[in-house]
Amino acid sequence: MQAYMKFSNILIITLGATFFFALCKPNAKTKVEFVKLAKDTTTNARVISLANLVRQHNSLDGQNIQTEGIVYYEFENVAICLGKGHNSKCFWLDLSTDLVTNDSLLQSASGKEFIIKGTVDNSSKGHLNYYLATIRNVYYLKQK
């Protein structure tokens, strides 16, 4: 009987917590931030504006960079762009597998300005080769 009561109490608490967190929506003022601290503290990233990266990305292949722009996190469009709209100059983003992210938070912040850090890869042009290049192993993704 006691085991049944313990189980039912745990079940009630678990269900209550699940409903509570399901009903909570992110505060509109909350800024999205995903950082792999171990990599960020040990990697030197060259700071470059996205406009300069658009012009110079061919000469920066393999280099770690930090830049900022409009990040889109959508189906078949994970990119950082110079301006709003998908016709802008954009780089495909390949998030590091070590970077723990939350898809729903990223989707809710899609179209906002972010600072990112990663490695320029000119050998890949992203989905359907639509992008200027790929920024690989993105380990720093912070909404401005």
Find all pairs meeting these conditions: Cβ atoms under 6 angstrom apart; at least six residues apart or on different chains; first residue within the stretch 104-119 and within 13 Å of Thr30 (Cα to Cα); second residue modelled with pLDDT under 95 and surrounded by 17 or more Cβ atoms within 10 Å (Cβ to Cβ). Leu105/Val32; Leu106/Tyr73; Ala109/Val32
Thr97 fails exactly one of (1) under 22 Å from Ser123 (Cα atoms); (2) not in a loop (DSSP other than H, G, I, E, B), namely (2)
Please work out if Glu76 is acidic (Asp, Glu), touching a helix residue (DSSP H, G or I) at 6+ places or on another chain (Cβ under 6 Å) and either surrounded by fewer than 19 Cβ atoms within 10 Å (Cβ to Cβ) or closer than 14 Å to Arg136 by Cα (or both). yes
Regarding Thr67, is this residue surrounded by fewer than 17 Cβ atoms within 10 Å (Cβ to Cβ), of a type in the set (S, T, N, Q) and within 14 Å of Val138 (Cα to Cα)? no
Would you tally the residues in the stretch 121-144 being modelled with pLDDT of 95 or more, not charged (D, E, K, R) and not in a loop (DSSP other than H, G, I, E, B)? 8
Is there any pair with a first residue in the stretch 121-136 that is in contact (Cβ under 8 Å) with a residue 24 or more places away in the chain and over 17 Å from Leu82 (Cα atoms) and a second that is of a type in the set (Val, Ile, Thr) and outside any strand (DSSP E or B) whose Cβ atoms are under 9 Å apart and which are 6 or more apart or on different chains, and what are they? none
Quick check on Gly16: is it part of a helix (DSSP H, G or I), at pLDDT below 90 and farther than 14 Å from Lys117 by Cα? yes
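Each row is one residue, and each column tells you yes or no for (1) of a type in the set (A, V, I, L, M, F, W, C); (2) under 20 Å from Gln56 (Cβ atoms); (3) within 12 Å of the chain's Cα centre (by Cα).
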site	(1), (2), (3)
Cys90	yes, yes, no
Thr97	no, no, yes
Ile115	yes, yes, yes
Asn122	no, yes, no
Leu141	yes, no, yes
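Test Ser104 against the stated conditions and say whether it is part of a loop (DSSP other than H, G, I, E, B), of a type in the set (Ser, Thr, Tyr) and under 20 Å from Glu33 (Cβ atoms). First the steps, then the outcome.
Values: part of a loop (DSSP other than H, G, I, E, B): no; of a type in the set (Ser, Thr, Tyr): yes; under 20 Å from Glu33 (Cβ atoms): yes.
In short, no.
The values are calculated or read from the model by the stated rules, or taken from the named source; none is laboratory data. In this text, all values refer to a predicted model and were calculated from it rather than measured experimentally. Positions of Cβ are backbone-derived with ideal geometry, glycine not excepted, and every protein chain shown enters the neighbour counts.
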